[in-house]
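The structure follows.
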Amino acid sequence: MLAGCGGFVGSDQQSPSTDPADLALLPGLSGAEVTNSSLLAAQHDELSGKAYRMEWKQTATDGSGSVLSYENGTSIVAAGGNPARERIVRRGPTATASNVNRTDYWSDDELSVVRESGAGSVRYAEVTDEGVSPDPPFPLERAYDAVDTVIVRPRTSEPYVLEGHTDHLGRYENVSFRLTLSADGYLTAATLEGETLYSAIYRADEVSVELTYTLRQLSVFESGPTEPTWIETARTEIGNQSAG
C-alpha cells in the first residue's frame, strides 16, 4: 500500500491507429524489444497527476495447490492525486474474523489517515506520505528490463503486449509475466506467475504466486473517490490522540 489490483480525463487521448504503418511506437520501445526501460516506465508514472482506478489480486498456494493466503487491493485517485482512497485486504486460507486484516487509506486537503482493522480491533493513525501511487505490486522498470517478446496490436486501444521471464522481480522469483500497455504508454493490465521469496512466512517449502493487476483512467463523467463512512471517527480518534 501507498507504494511504494476507463477513458482518459480530458480530450487528449490518442486514438488507436487503423494502419500498422501509422503506429508510432512508444519511447523506449521498438517493434521487437524494449530499448529503454526507464523511458517506458516514465510514461506510466505520468498517471500520478490523473484520475484512475487500480485493482490487484494475489493468491499464494503451496505445492499441493492449497491456498495459503489471498490479498486484494483497490485504489481510486482523483486528478492531481487528491483525494485518494485505497483498501488492501489480506486473509489466510479461510475468511474468518481472526485471519482477515483490512488496511484503509484516505487522503484529502485536511487529513491523511490509515485505518487498520482485524481480529476484532480497529486502529487509526495520521500519516505523512506521498499518497497513493499507480505503481503495480512489482518494480515496473525491472519488468521492462526482462521483456523478451513485444506484440504490437495497432487496431486496439491497448496496442502493446509485452511478455517476459526473470529469476527475480521484487518479492517474486522464477517469474513469467504478461503486460498490456495503452496507446499512451501506461500499464493497463498485468498477469504474473512465480514463487514468493518469503516461503518461511507460510511454513512451506514451495509457494506459488499468481498476481493480476488492472488500471483504467477515469473519465470526466465518473466520480472520483468518495469519503469513507469511518472518516469522522478517525478524525475524533486522532484528535483524542493529539490531546492525550
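A short reminder: the numbers here are calculations on the coordinates, not readings from a lab. Nothing here was measured: the structure is a model prediction, and the numbers come from that model. Cβ placement follows ideal geometry from the backbone for every residue including glycine, while neighbour counts extend to all protein chains displayed.
Quick one: what Rg and Dmax do you get for segment 107-244 from the alpha carbons, in Å?
Cα radius of gyration and Dmax of segment 107-244 are 19.9, 61 Å respectively.
Next up: Sorted from fewest to most neighbouring beta carbons within 10 Å, what does the list 76, 238, 231 look like?
With the fewest neighbours first, 76, 238, 231 line up as 238, 231, 76.
Let me ask something else. Just to check I understand the Karplus step: with θ = phi - 60° and J = 6.51 cos²θ - 1.76 cosθ + 1.60, what whole-Hz values come out for segment 180-191, glycine and proline as x?
10, 10, 6, 5, 8, x, 8, 6, 9, 7, 8, 10
Return 165, 44 ranked ascending by Cβ neighbour count within 10 Å, so the fewest neighbours appear first.
165, 44
What percentage of all Cα-Cα pairs in the chain are separated by more than 32 Å?
Counting every Cα pair in the chain, those more than 32 Å apart make up 29 percent.
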